[in-house]
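Participant: If you scroll down you'll find the structure; I have some questions about it.
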Amino acid sequence: MSTKLFAFTSLLALAASRPTISTRRAESSECWQTNPGTVFYSCSNGYKGCFYQDPCSLPPLSSTGPTPTTPPPTTSSETPVEIHELTKPRSFNIYVLSEAQHNVQDQVGHVDLNKPEGSAITTTNALVFDNVPAGAKNCKLNWRSTAPNDENNFTVKGSGQAYTRQLTGFPSKTEIVSYDGLKKYQDPSAEWSPSLDFTGWTEQPTSHGGPSLECGSQVALEIKGSDVGEGENRVFITLTETNGFYLTYEL
Ligand SMILES: *[C@@H]1O[C@H](CO)[C@@H](O)[C@H](O)[C@H]1NC(C)=O
């Protein structure tokens, strides 16, 4: 037996000898979407699925008995974590291509990431969620699309890839929100995270998780579209209760 294979089989043995609690990411986020507050568990006692509480210490499911199709009732009095959402952030599109300093909040909040054909530069956007309650945890940016109407518009042309970077603060009401005005709130060591991909968006109501963000009374970030390629890249998303970006947090 080669050393490599030996190491691999010992790992398997190790894994098999302990109760397995696996919270795989994809399934975990699916749980969260279909049943907020739940987490995916796959236990050696047979429980597998979305549960509010760890079911792995429950008595094993009998292999001959009926297979439960619903999660077991939560037996403890512990209240599940509540997930809240904040919609309609203040949104500022930063049109670097024009010299104009952009400090007017748009009439209808929207995110417009625009790289015109032939250009190598994309507009960016600054979003801020205000009044995040004290004690909020696990802040996360999400987005969703819904059937288009007068208010809801979700348009993607060219690359649907976009990048995010959290800001350390946000210009006050008397400061200018612009390419230059944002500089003092940018963390120079923070990388742009390639965390948003709108290529698979649909007009069916769907929601998608984006990057995790540090919580604070204000949660602010920049979004930038892809500047790759010769063609037009455009992501235009209105921000309503049911369309566009929203923040989730736990309390
Ligand atoms: C949605 O926004 C895009 C980009 O601004 C625009 O071209 C399109 O006409 C809008 N769609 C509707 C239905 O208003």
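The values are calculated or read from the model by the stated rules, or taken from the named source; none is laboratory data. Remember, it's a predicted structure, so these values are computed and weren't measured experimentally. Positions of Cβ are backbone-derived with ideal geometry, glycine not excepted, and every protein chain shown enters the neighbour counts. These accessible areas exclude ligands, DNA and RNA; they are computed on the full protein's heavy atoms, side chains included. Shrake-Rupley method; radii C 1.70, N 1.55, O 1.52, S 1.80 Å.
Participant: For 237, 121, give the ranking by accessible area with the largest first, probe 1.4 Å.
Facilitator: Working: 237 0, 121 80 Å².
Highest to lowest solvent-accessible surface, that is 121, 237.
Participant: Same structure, new question: Among the lysines, which fall within straight-line cross-link reach of residue 183, defined as a Cα-Cα distance under 29 Å, with same-chain neighbours fewer than 8 residues apart omitted?
Facilitator: Partners within reach: 88, 115, 137, 140, 157, 173, 224.
Participant: Sticking with this one: Zone of residue 149 (label point 7 Å along Cα→Cβ, backbone N under 17 Å): which residues in region 233-251?
Facilitator: Hits in region 233-251 for residue 149 at 17 Å: 238-244.
Participant: Using the Karplus curve 6.51 cos²θ - 1.76 cosθ + 1.60 with θ = phi - 60°, what ³J(HN,Hα) values do you get for each residue of region 181-191, in whole Hz, with x for Gly and Pro?
Facilitator: Calculated HN-Hα couplings, in order: x, 7, 4, 5, 9, 9, 8, x, 8, 7, 8 Hz.
Participant: Another one. Can you tell me what percent of all Cα-Cα pairs in region 84-250 are more than 23 Å apart?
Facilitator: Values: 4818 of 13861 pairs.
So the pairs more than 23 Å apart make up 35 percent of the total in region 84-250.
Participant: Please give the solvent-accessible surface of residue 251 in Å², to the nearest 10, using a probe radius of 1.4 Å with every protein chain present.
Facilitator: Approximately 90 Å² of residue 251 is accessible to the 1.4 Å probe.
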